[in-house]
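Read through the structure below, which is laid out as structure tokens, and then see the notes.
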Amino acid sequence: KQLPPHSLSDTGRRQFVQELKARNLQIAAMSFITRHPYTEQTGMDARLEATREAMQFAFQLGCRILTIRVGKIPSDPASADYELLRNILNDLVRFGNHIGITPAILPTGDNPQGLAQLLREINQGPIGVNYDPVNFLFNGQSPTETLRMLHPWIVQYRLRDGQKDYDGLGIEVPMGRGELDWNELFALFHESEFSGWLVVDRTQGDDRVGDLTRAVQFAKTMIFEE
């Protein structure tokens, strides 16, 4: 669901949080997806300010992780765009560290080695990865190998499934019906002693609510087996 930061007054936010607590609920995941990469010069200042507002909003609602999509990571670490992205992320994590929010990058086709290198250079506060194995599957990368490579930074898992179709693109399918090896993935979750949120997601299909319900049961079964 979309919930813009300005959609609730301070009173409305407090009441919303109280309603969640009364139902023994907690917000596990929030995301802020910009229309343009962070390194796009046009509108950069407004984009960063909107991201900071989203981070504050997430904290006010009791969520401690905000997923962001930063755009394609430049391949050359010596390039001006790479340095700009590194500086932007250091600025955001510094702000997040101040208010108690960890920005989590949602990888979208990035080279995992390049992403890991960039993450090592973010030193002004905690930064994480919202790990979506389907994104790596669709880009021809091994979900399990990328998980092993990125696990020091993973703060949240996005659980959805997919399969490559005949023209090389990807199709999202209900969890457990795609090409992902969930036995190996959950074994790696367990091996890394991950204690954060596993967030089921379904962006396609005619019965998304039913698919999400079945995905929760599927995940519970896998966790119990582990």
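These residues, Asp81, Asp201, Asp110, go from largest to smallest accessible area, 1.4 Å probe, as Asp81, Asp201, Asp110. Full extension of the segment from Leu20 to Gln163, taken as 0.36 nm per residue of separation minus the current Cα-Cα distance, would add 47.9 nm. Carbon and sulfur together cover what percent of the accessible area of the chain at a 1.4 Å probe radius? Using a 1.4 Å probe with all protein chains present, the chain comes out at 49 percent carbon and sulfur. A Gaussian network model of the chain, with springs between Cα atoms under 10 Å, assigns the largest mean-square fluctuation among Glu145, Glu184, Glu19 to Glu19.
Among Ile122, Ile154, Ile171, the largest mean-square fluctuation in a Gaussian network model of the chain (Cα springs under 10 Å) belongs to Ile171. Which of the three applies to the chain, rounded, prolate or oblate, going by the alpha-carbon gyration tensor with a ≥ b ≥ c and a/c under 1.5 meaning rounded? Oblate is the answer for the chain, as a/c is 1.5 or above yet b/c matches or exceeds a/b.
For the chain, the relative contact order comes to 14 percent (Cα pairs under 8 Å, sequence separation of at least 6).
Per-residue surface analysis assigns Tyr38 an accessible area of about 0 Å², computed on protein heavy atoms at 1.4 Å probe radius. In the chain, helices alone account for a calculated mean residue ellipticity at 222 nm of -14000 deg cm²/dmol, with every DSSP H run of four or more residues adding -39,500 (n - 2.57). Applying a length cut-off of 20 Å (Cα extent along the axis) and a mean Kyte-Doolittle floor of 0.0 to the DSSP H helices of the chain leaves 208-225.
Computed about the Cα centre, the dipole magnitude for the chain is approximately 860 debye when only Lys and Arg (+1) and Asp and Glu (-1) carry charge, each at its Cβ.
The values are calculated or read from the model by the stated rules, or taken from the named source; none is laboratory data. Keep in mind the model is a prediction, meaning the values are calculated, not measured. Reconstructed Cβ throughout: ideal geometry from the backbone, glycine too, with neighbour counts over all protein chains shown. Just the protein is used for accessible areas: all its heavy atoms, side chains included, with ligands, DNA and RNA removed. Shrake-Rupley method; radii C 1.70, N 1.55, O 1.52, S 1.80 Å.
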